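Since every read-out is calculated from the coordinates, none of them should be taken as a lab result. None of these values were measured; they are calculated from a predicted model. Please note: Cβ atoms are built from the backbone with ideal geometry, for glycine as well, and neighbour counts cover all protein chains shown.
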Amino acid sequence: MQQLNRDWVLQQLALHRPELEQMGVTSLRLFGSVARNEATEGSDLDFLVEFENIPSLFELLAVRYFLEDLFGCKVDLGMEQSLREHLREPVLEDVIRAF
């Protein structure tokens, strides 16, 4: 598996944006260790995602599984409005918009 780095992840997301948009994704933002370029071999990918419409659990999982297959690692998806207050500031400090 390729070591995850911010530029490579963002490049892959740009290439696969049409597929993600077909799944209803309108915004995808990277945060966490990969966004800070501090990823280690066991790092996962953390994203804030927004959808055109309120997603069903099936739609949310479809995006998660698509990204896990694309990157070959665990992916955590969250929505900004559902972030707990104590996590909001640290998450939003490192966020990088993919699209």
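Please go through the stretch 1-74 and write out the trypsin sites (Lys or Arg not before Pro) that DSSP classes as loop and that have at most 13 other C-beta atoms within 10 Å.
Details: sites: ARG6, ARG29, ARG36, ARG64, LYS74; in loops: ARG36, LYS74.
Passing sites in the stretch 1-74 are ARG36, LYS74.
Which of the DSSP-defined H helices in the chain satisfy a minimum axial length of 15 Å, computed from C-alpha atoms, and a minimum mean Kyte-Doolittle hydropathy of 1.0?
On the way: long enough: 57-71 (21 Å, 1.14); 85-94 (16 Å, -1.15).
Answer set is 57-71.
Please identify, among LEU15, LEU67, LEU57, the residue showing maximal mean-square fluctuation in a Gaussian network model of the chain using a 10 angstrom Cα cutoff.
Answer for the Gaussian network model of the chain: LEU57.
Counting GluC sites (Glu not before Pro) as exposed when in a DSSP loop with at most 13 other beta carbons within 10 Å, what is the longest stretch of the chain free of them? Write down the numbers at each step before the final one.
Working: sites that count: GLU38, GLU41, GLU52.
Longest gap between qualifying sites, sites excluded: 53-99.
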